[in-house]
Amino acid sequence: MYAPAPPSTLVRGTTQHHAGRPEVGIEIVTTLLISLDLDPDRATEVVSLLRSEMAPWMRQQPGFVSSHWLLAEDRRHCTITVDFESEGDAAAVARATLALPSNAARSWNVGRVETVADLDFAPRPGLRVEG
């Protein structure tokens, strides 16, 4: 059912058609979790920046697969999950993100950046954790 792999690796089932027959292919992804600390009074400004600059930058990074951008109800935190094709691709973005200097005057700052494992308690259709 599950093949051995690093704990931060997901396997995404994809459908490929060969001679008219669907086949399941496998796509490995590594998930990066980024937490941003926000000034809640400037959250609208941050969301605009995320949409216009940060999300497009993320999509251009080598190995990018998908991302989800989540704003906390209290507008003090934004959590971003990003799937990459390899651990190396995720690590490069993690290093670039962690290299951003903290600035108290800015509307946002990087809180945490880490590679995470999906515990597979409620898997999405077409995804499974290896390991």
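The values are calculated or read from the model by the stated rules, or taken from the named source; none is laboratory data. What you see is a predicted model, and the numbers here were worked out from it, not measured in a lab. Glycine also receives a Cβ, built like all others from the backbone with ideal geometry; neighbour counts cover every protein chain displayed.
Taking only the stretch 25-36 into account, find how many residues are surrounded by 15 or more Cβ atoms within 10 Å (Cβ to Cβ) and over 11 Å from the mean Cα position of the chain (by Cα).
Qualifying residue count for the region: 2.
So which pairs qualify, if the first residue must be in the stretch 83-107 and without any contact (Cβ under 8 Å) to a residue 24 or more places away in the chain, the second must be among the hydrophobic types (A, V, I, L, M, F, W, C) and surrounded by 14 or more Cβ atoms within 10 Å (Cβ to Cβ), the Cβ gap must be under 7 Å, and the two must be at least 6 apart or on different chains?
From residues that are without any contact (Cβ under 8 Å) to a residue 24 or more places away in the chain, the pairs are Leu98/Val110; Leu98/Val113; Leu100/Val110.
Identify, by number, the condition in (1) at pLDDT below 95; (2) touching a strand residue (DSSP E or B) at 6+ places or on another chain (Cβ under 8 Å); (3) farther than 17 Å from Leu49 by Cβ that Leu100 doesn't meet.
(3) is the only condition that Leu100 fails.
Tell me, yes or no, whether the stretch 9-21 has at least one residue that is modelled with pLDDT of 55 or more and not in a strand (DSSP E or B).
No, that holds for no residue.
Considering only residues that are over 18 Å from Val46 (Cα atoms) and surrounded by 16 or more Cβ atoms within 10 Å (Cβ to Cβ), which ones fall in the stretch 62-81? Give the derivation first.
Initial filter on the stretch 62-81 (over 18 Å from Val46 (Cα atoms)): 62-66.
Gly63, Phe64, Val65, listed by residue number.
Sort out which residues of the stretch 42-77 are in contact with a helix residue (DSSP H, G or I) (Cβ under 7 Å, 6 or more places away or on another chain) and part of a strand (DSSP E or B), and write them in order of number.
Matches in the stretch 42-77: Phe64, Ser67, Trp69, Leu71.
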